[in-house]
Amino acid sequence: MNEPIYLALDFPTWEQTSVFLQENHLEGIPVKVGMELFYREGPEVIKKLKKQNHAIFLDLKLHDIPTTIYKSMRNLAQIGVDFVNVHGFGGADMIKAAKQGLMDGTPYGEKQPKLLVVTVLTSMDQNMLNTQLGIAHPLANMVTHFSKMGKEQGADGVVCSAHEATGIKNVCGNDFLTVTPGIRLTDTSSNDQKRIATPQLAKQMGADYLVIGRSITEAEKPKQMYEQALKEWNHVD
Ligand code: C5P
C-alpha cells in the first residue's frame, strides 16, 4: 500500500502551507487539499505540490446536477491528482457522471484519479440527521447505502468514519477503499468532529487511508505527531 496518511492542508494560503511543510520537514508526504486552499490558490497549488512529489487528495466534495459534475470532473482529471470526491447525497446518476468525466478527461497514458464518495460527514451524528436534515434512517444504514450505490456506479471507494469501515468492507468487498477523516491522536481535542477514532482503531476497523488535519497542524510538534500517527498505524497487523 502507498503511504497511508494524508495530511489535511487546511491553510488559507500557499504561502502558509509551504512554510508549514518546510519548517516541519513534511515535504513529499501525501496531502489533502480542501476548499479553503483550492478556492484561494486554484489549480496552481496542485502543480506546486506535485513538483514537490506529494500524492494529492483533492477534497472538493462536489454536489450538483450530473451534467455539471461530468464537466467538472473532466476538467479536474487533467490536473493529475490521486483522489477526488463527490457527495453521496448527489445520487447514483451524479456519481456515474463523475466517473465518466474522470474517464473522459484523463489524458492518454496518465493515471486516472480515483473517485471517492462522501457518505455522511464525520462532523454529523444521528441527532443531526434526524433534527436538522429530517432523515429518520439510522446513520449506519445511510453510510452503507451510499457506499453500495457508489460502488455500483463505478466509484473506487468512500470517505467515511473509521467506525463504519468494517461494515462497508463487508458489503462492498475489501478492494473498495475506505478513507477515514475524524482521526484524533490520543491526547488531542475532537474540535467539531463527532465520529472520531485513533489511527490504530481506524486500521483495526479496516481503513485503507487516514486523513488527519488539526491533530497534526495545530500540534506543538507537528512532525512528531505525524510520526506518532504512522507508528500507531504500522503497529497494527
Ligand atoms: O482537522 P481534522 O483532522 O478534523 O480535518 C479533517 C479533514 O477532513 C478536513 O479537511 C475536512 O474537511 C475533511 N473531511 C471530513 N469529513 C469528511 C470528509 C472530509 O472531516 N467526511
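Looking at this structure, is Val81 part of a loop (DSSP other than H, G, I, E, B), surrounded by 16 or more Cβ atoms within 10 Å (Cβ to Cβ) and within 16 Å of the ligand (Cβ to nearest atom)? So Val81 fits the description; yes.
Annotation note: Cβ proximity below 6 Å between a residue of the range 186-202 that is on the phi > 0 side of the Ramachandran plot and a residue that is at pLDDT 90 or above (sequence gap 6+ or interchain) occurs for Asn191/Arg214.
For the range 171-179, the criterion of a residue being without any contact (Cβ under 8 Å) to a residue 40 or more places away in the chain, more than 12 Å from Ala229 (Cβ to Cβ) and either within 11 Å of the ligand (Cβ to nearest atom) or aliphatic (A, V, I, L, M) (or both) is satisfied by at least one position. Cβ-Cβ contacts under 6 Å between residues 6 or more apart (or on different chains), taken from a first residue in the range 60-76 that is part of a helix (DSSP H, G or I) to a second residue that is open to solvent by 50 Å² or more (accessible area, probe 1.4 Å), are listed as Pro66/Asp93; Tyr70/Gln100; Arg74/Asp104. Looking at Phe57, is it open to solvent by 20 Å² or more (accessible area, probe 1.4 Å) and not in a loop (DSSP other than H, G, I, E, B)? The answer is no for Phe57.
Restricting the search to helices (runs of 4 or more DSSP H) fully inside the range 134-237 and requiring at least 1 residues that are modelled with pLDDT of 95 or more, closer than 17 Å to His87 by Cβ and open to solvent by less than 30 Å² (accessible area, probe 1.4 Å) gives 139-152, 162-172. Of all the residues in the range 84-112, those that are assigned to a strand (DSSP E or B) and farther than 24 Å from Gln52 by Cα number 2. Of all residues in the range 122-133, those satisfying the criterion of being assigned to a helix (DSSP H, G or I) and not β-branched (Val, Ile, Thr) are Gln126, Asn127, Met128, Leu129, Asn130. Exactly one residue out of Ala219, Ala207, Ala229 is of a type in the set (Gly, Ala, Ser) and farther than 30 Å from Gly173 by Cα: that is Ala219.
Could you list all residues from the range 82-95 that are within 18 Å of Leu177 (Cβ to Cβ) and out of contact with any helix residue (DSSP H, G or I) (no Cβ under 6 Å at 6 or more places or on another chain)? Lay out the reasoning, then the answer.
Let us first name the residues in the range 82-95 that are within 18 Å of Leu177 (Cβ to Cβ), namely 82-88, 95.
Of everything in the range 82-95, those that are within 18 Å of Leu177 (Cβ to Cβ) and out of contact with any helix residue (DSSP H, G or I) (no Cβ under 6 Å at 6 or more places or on another chain) turn out to be Asp82, Phe83, Asn85, His87.
Phe146 falls short on exactly one of the conditions (1) touching a helix residue (DSSP H, G or I) at 6+ places or on another chain (Cβ under 8 Å); (2) among the aromatic types (Phe, Trp, Tyr); (3) over 23 Å from Cys172 (Cβ atoms), and that condition is (3).
How many residues are more than 16 Å from the ligand (Cβ to nearest atom) and surrounded by 12 or more Cβ atoms within 10 Å (Cβ to Cβ) if we restrict to the range 1-12? So the count comes out to 1.
The values are calculated or read from the model by the stated rules, or taken from the named source; none is laboratory data. Bear in mind the structure is a predicted one, so any value in this text is a computation, not a measurement. Glycine gets a Cβ as well: all are built from the backbone with ideal geometry, and neighbour counts include every protein chain shown. These accessible areas exclude ligands, DNA and RNA; they are computed on the full protein's heavy atoms, side chains included. Shrake-Rupley method; radii C 1.70, N 1.55, O 1.52, S 1.80 Å.
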